[in-house]
Amino acid sequence: MKSDWMDILVDDAGDEVVITLRGTFGLLQLPGVREKLEMLIKGPGCFFFLNIESAHFIDDAYLELFLNLLNRIKKQNAMLVFLSSKEEHRNYFSRFSHVLELYDNRKSFRRSGLLKQLKQVGINYSKQTGLRLSPGVAIALFVLLLGWFVTLFSIVYIQNKEILEQQAQIISLENQKKRSIQEIERLKSSLGSLQHLGLVVDSTTSHAFGSIRDWVGYLELLENSRREN
């Protein structure tokens, strides 16, 4: 848009809006500039670039205007970036250089660090409101946390299932062990009865029957011994 006493050009590229100021700006132009800039920053966008390379400010009142715009845009979870490579503007911004950062161009701003941009756009912190997340970052964080919880639940479920299966196997082995012990005791009891009848000979005390292979041979041997006596 253009007026007779100042130039304000707007280039809207989706999430990025570039506003260019051209000309000399004093107190006379301040109300009009404030009105136009406040109207522009109400629109959509995450990054608002204010290019002041071709602007000349002859009053410090514009610093207050820029600070107010910066606060307004932060409340929208967006970001205002000032662009200029002139030493004149660096000197003009020097009193508030810790708040009003100045970059030579958009490329220079992008090189300043993606993490810093995300922090300024997506996460805002103040003593009054605490931590606030932009809708996009909040959704991404929610999806990330949801995926983490689903993964954690799956891991815990699988581990519990494996533990239950192992416990079932242990119980089965213990039951099998008990049955084996009972069977061994039963066999010992049966063998004890046979020993009393003289049908089983302890191999540790008698080696005479070491060559016996079956009950038939054993009985024949007993019969022959009885006849000889």
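The values are calculated or read from the model by the stated rules, or taken from the named source; none is laboratory data. Computed from a prediction, not measured in an experiment: that's the story for all the values here. Glycine gets a Cβ as well: all are built from the backbone with ideal geometry, and neighbour counts include every protein chain shown.
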Going through (1) over 19 Å from Leu69 (Cα atoms); (2) touching a Leu at 6+ places or on another chain (Cβ under 9 Å); (3) modelled with pLDDT under 60 one by one, Lys116 fails only at (2)
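Give the number of residues within the range 52-83 that are of a type outside the set (Asp, Glu) and in contact with a Phe, Trp or Tyr (Cβ under 8 Å, 6 or more places away or on another chain).
Keep residues of the range 52-83 that are of a type outside the set (Asp, Glu), which gives 52, 54-58, 61-63, 65-83.
Narrowing further to those that are in contact with a Phe, Trp or Tyr (Cβ under 8 Å, 6 or more places away or on another chain): 52, 55-58, 62-63, 66-67, 73, 78-83.
Selection size over the range 52-83: 16.
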Contact list, first residue from the range 128-151 and part of a strand (DSSP E or B) and surrounded by 13 or more Cβ atoms within 10 Å (Cβ to Cβ), second anywhere and modelled with pLDDT under 85 and aromatic (Phe, Trp, Tyr), beta-carbon distance below 9 Å, six or more apart or interchain, is Arg132/Tyr125
Condition set acidic (Asp, Glu) and out of contact with any His (no Cβ under 9 Å at 6 or more places or on another chain), scope the range 51-71, selection nearest to Asp12 (Cα to Cα): answer is Glu64
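Would you check if there is a residue in the range 43-54 being among the aliphatic types (A, V, I, L, M), surrounded by fewer than 20 Cβ atoms within 10 Å (Cβ to Cβ) and either in contact with a Leu (Cβ under 7 Å, 6 or more places away or on another chain) or not assigned by TED's automatic domain parsing to the domain that holds His89 (or both)?
Step one: list which residues in the range 43-54 are among the aliphatic types (A, V, I, L, M), which gives 50, 52.
Pick out the ones that are also surrounded by fewer than 20 Cβ atoms within 10 Å (Cβ to Cβ) and you get none.
Among the residues of the range 43-54, not one is among the aliphatic types (A, V, I, L, M), surrounded by fewer than 20 Cβ atoms within 10 Å (Cβ to Cβ) and either in contact with a Leu (Cβ under 7 Å, 6 or more places away or on another chain) or not assigned by TED's automatic domain parsing to the domain that holds His89 (or both), which makes the answer no.
Going by the conditions given, is Asn71 within 22 Å of Arg95 (Cβ to Cβ), at pLDDT 90 or above and exposed (fewer than 12 other Cβ atoms within 10 Å of the Cβ)?
Working: within 22 Å of Arg95 (Cβ to Cβ): yes; at pLDDT 90 or above: yes; exposed (fewer than 12 other Cβ atoms within 10 Å of the Cβ): yes.
Spelling it out, Asn71 is indeed within 22 Å of Arg95 (Cβ to Cβ), at pLDDT 90 or above and exposed (fewer than 12 other Cβ atoms within 10 Å of the Cβ).
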Can you confirm whether Ser97 is exposed (fewer than 13 other Cβ atoms within 10 Å of the Cβ) and under 21 Å from Arg110 (Cα atoms)?
yes
